[in-house]
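These notes are about the structure you will find just below.
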Amino acid sequence: MKETISTHYTPQQPDSAFADDDSRWEAVKSRNPKADGLFVYAVRSTGVYSRPTCKARLAHRFNTAFFKSSIEAQSAGYRPCKRCHPEDSAPMPEDIGVAKIRAFMKARPLAAMMEKDGTITMLSLSQMARQVGLSKWHFHREFKKCFGVTPVEYLRIEKAARLAASIEVQDEQPLPKGGFQIKREHEHSERLDTTSE
């Protein structure tokens, strides 16, 4: 007796973050990888259903419907997308660039730090891209897709975190969101006082 294996796309686990159609639509618009495996969406005008992470052109919201699984979408009369193959139960493969950046970030907890002779220097965007094996523009685009911020913003956050860890914070207030600002008003007032004498 042959054992048949279902290749239909079924949800991995229920997630309350994608419980309603509005949150599902946001996941489809942003191609959120966390939504992959939790639902599929169908486009009424084309009769095709896809994964939330499909790279096909985004349909209009009023033309979309959401289903818990590919079986539900097929029973409603939709056919699977030929681009993302939502009927397969395997997760959609990651872009090669994103996979390289994730590996780079795992190897370097402080993403753009390089130690040379006991000193720590910042890597430039070009140096990071070269280490990953991408052009600097492709690296920038894929980095933002992967982490939600640009490499420069990420470095600023890392620098602020290192600075905060290295100094003693006198009061218990959280650090400002935009980092530290140096106030130089007193320098200007001292210069004005000395020139007026």
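Looking only at residues in the stretch 77-95 that are hydrophobic (A, V, I, L, M, F, W, C) and at pLDDT below 65, the one that is surrounded by the most Cβ atoms within 10 Å (Cβ to Cβ) is MET92.
Considering only the stretch 130-174, state which residues are aliphatic (A, V, I, L, M) and either closer than 23 Å to MET105 by Cβ or at pLDDT 60 or above (or both).
Going residue by residue through the stretch 130-174, those that are aliphatic (A, V, I, L, M) are 132, 134, 149, 152, 155, 157, 160-161, 163-165, 167, 169.
Passing the criteria: VAL132, LEU134, VAL149, VAL152, LEU155, ILE157, ALA160, ALA161, LEU163, ALA164, ALA165, ILE167.
Residue-level check: of (1) outside any helix (DSSP H, G or I); (2) more than 18 Å from the chain's Cα centre (by Cα), GLU72 misses just (1). Among residues of the stretch 60-75 that are surrounded by 13 or more Cβ atoms within 10 Å (Cβ to Cβ), none has a Cβ under 6 angstrom from a residue that is polar (S, T, N, Q) and in a helix (DSSP H, G or I) at a sequence gap of 6+ or on a separate chain.
The values are calculated or read from the model by the stated rules, or taken from the named source; none is laboratory data. Because the structure is a prediction, the values reported are computed rather than measured. Ideal geometry is used to build each Cβ from the backbone, glycine not excepted, and the neighbour counts take in all protein chains shown.
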